[in-house]
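Encoded as structure tokens, the structure appears first; notes follow it.
The values are calculated or read from the model by the stated rules, or taken from the named source; none is laboratory data. From a predicted model like this one, the values you see are computed outputs, not experimental measurements. Note: ideal-geometry Cβ built from the backbone for every residue, glycine included; neighbour counts use all protein chains shown. Please note that ligands, DNA and RNA were not included when accessible areas were found on the heavy atoms of the full protein model with its side chains. Shrake-Rupley method; radii C 1.70, N 1.55, O 1.52, S 1.80 Å.
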Amino acid sequence: MAIVLGPNRYGKAETRVVRVTKDGGVHRIKDCNVSVSLSGDMDEVHLTGDNAAVLPTDTQKNTVFAFAKKYGVGEIEEFALLLARHFVDSQPTIHHARVEVEEYSWERIPVEDAPHLGLRDKQHSFVRGGTEVRTALVHSDGSDGDESVVSGLKNLVVLNSTGSEFYGYIEDEYTTLAPTHDRILATEVTAQWRHRGTDSSWGRSYRDARRCLLEAFAETHSLSLQQTLYQMGRRVLNERREIVEVRMAMPNKHHFVVDLSPFGMDNDNEVFFAADRPYGLIEGAVLNDDAPQVPNAWI
Ligand SMILES: O=c1[nH]c(=O)c2[nH]c(=O)[nH]c2[nH]1
């Protein structure tokens, strides 16, 4: 038996970079978490400890900050591509870069209503825009090599207070769930979508894909969360031709109707217990069947 080195990669995870762009008193802010992972000629560092092929993870972190200053942080897909291509193009020992970016949203706190504070032109106050996170995952073999871009979002919490049923499922000796024709459907969407190429209009594409997910969630009369998931993916693919595959993970955030009969009260789907766990976890992919599969794009 021989022991050999298997697949490996290394990089600086979760560099938290905040880029403020200042246009006089009007500031804009991009708040990101960038994870870089590189691979290439890394046998020697593992086998003998020879670091000659290694671009330190500290340098990778510095590059993230330097690029934020030099180029600004535009759409996160673009920033991820810029970094990934840089590492592969500039270092002969690095053959592949994976760059993942999360973006946290900040909304401007309007100050026009308080001119007495002297803040009219001082647009530098922000409030965190909820828990939702925009994501981008880029793989690059360099500017001239294979590349993939997966955009997405997570922590998008949605709820329909009616318009959801669940019945007709298998019933075996362990089944206690009662069929329902009216329930709350709530979930926290994690969605990722793969682009056909590497030059989509990232901002527009993101906003439209997100809108499609929300509209399909709201407009689908749901017979199961699985059906809703499929409709959400379909909507994105129908409306955004640059997107070829959507993958989603949607926990079923169960809301149970509380039995109020001990108190002499009826409960016509008005008072619910929002359970924390366990939860159903519904996961699925929706794709254009003519698009080539790129399994590595999701890794
Ligand atoms: O939309 C649902 N899908 C299921 O597979 C399932 N299973 C369950 O207990 N409740 C639900 N709801």
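List of remarks:
- Some residue of segment 15-28 being in a loop (DSSP other than H, G, I, E, B) and not assigned by TED's automatic domain parsing to the domain that holds Gly203: yes
- Criterion violated by Leu260 - all others in (1) of a type in the set (A, V, I, L, M, F, W, C); (2) more than 20 Å from Gln293 (Cα to Cα); (3) within 16 Å of the ligand (Cβ to nearest atom) satisfied: (3)
- Test result for His221, within 14 Å of the ligand (Cβ to nearest atom) and open to solvent by less than 60 Å² (accessible area, probe 1.4 Å): no
- All told, Asp208 falls short of being over 24 Å from the mean Cα position of the chain (by Cα) and not assigned by TED's automatic domain parsing to the domain that holds Val88.
- Scanning segment 2-25 for residues that are open to solvent by 70 Å² or more (accessible area, probe 1.4 Å) and at pLDDT below 95 turns up just one, Asp23.
- In segment 275-299, the qualifying residues are those that are away from the ligand (no atom under 15 Å from the Cβ) and part of a strand (DSSP E or B), and the one that is surrounded by the fewest Cβ atoms within 10 Å (Cβ to Cβ) is Ala285.
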